[in-house]
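As structure tokens, the structure follows; a few thoughts come after it.
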Amino acid sequence: MTDQIPTPTTVLEEARRLRALGIAVTKVRARDKRPTTKGWQSAPPPDDAQLVTWFGDGEGNIGVRTGAISGGLIDLDCDNEKFARYLAAVSPGWLLAAPRYRRGDRPHILLPIEPLPDYAKYTLGKMTIVEVRGD
């Protein structure tokens, strides 16, 4: 029997869970993706006291910081739902099991990759298909 990881019930619990996974976070405005603090790109990962300050009141959202600060984490930003379905159809199991989230109708897949690739944007004509976001 395997232990189940409890589902976080608060923003603070989720921020702590991500921190335990080695993912650096920052606070972003509620229903937005803009960070609430200046200099977040070069700030060290927050300690628990900072997480409590940011998320203890249940306000705001969590911004995941990609790149070297989060162990080489990239965000595969699928701008095209058809590409996302294609990717799901041809992907190996490890990619299908990768953490993902949606922003509107756009799926995002989080992957640790070493060496960290440069930002890349893939298009078909004028339509963006996918972006690879890291540092």
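When Trp94, Trp40 are checked against the criterion of being out of contact with any Gly (no Cβ under 6 Å at 6 or more places or on another chain), aromatic (Phe, Trp, Tyr) and in contact (Cβ under 8 Å) with a residue 24 or more places away in the chain, a single residue qualifies: Trp40.
Residues in region 1-31 that are among the hydrophobic types (A, V, I, L, M, F, W, C), open to solvent by 60 Å² or more (accessible area, probe 1.4 Å) and at pLDDT below 90: how many?
First, pick out the residues of region 1-31 that are among the hydrophobic types (A, V, I, L, M, F, W, C): 1, 5, 11-12, 15, 18, 20-21, 23-25, 28, 30.
Pick out the ones that are also open to solvent by 60 Å² or more (accessible area, probe 1.4 Å) and you get 1, 5, 20-21.
Filter once more, keeping what is at pLDDT below 90: 1, 5, 21.
The number of residues fulfilling the criteria is 3.
I'd like the full set of residues that are of a type in the set (D, E, K, R) and closer than 20 Å to Arg102 by Cβ, limited to region 20-52. Arg29, Arg31, Asp32, Lys33, Arg34, listed by residue number. Contact annotation: no residue pair with Cβ atoms under 6 Å, 6 or more positions apart or on different chains, pairs a residue in region 1-29 that is closer than 19 Å to Ala49 by Cβ and assigned to a helix (DSSP H, G or I) with a partner that is open to solvent by 100 Å² or more (accessible area, probe 1.4 Å) and modelled with pLDDT under 90. Note on region 43-70: residues that are at pLDDT below 90 and touching a Gly at 6+ places or on another chain (Cβ under 9 Å) amount to 0.
The values are calculated or read from the model by the stated rules, or taken from the named source; none is laboratory data. These figures come from a predicted structure and were not determined experimentally. Reconstructed Cβ throughout: ideal geometry from the backbone, glycine too, with neighbour counts over all protein chains shown. Remember, those area values only see protein heavy atoms, side chains included, never the ligands or the DNA or RNA. Shrake-Rupley method; radii C 1.70, N 1.55, O 1.52, S 1.80 Å.
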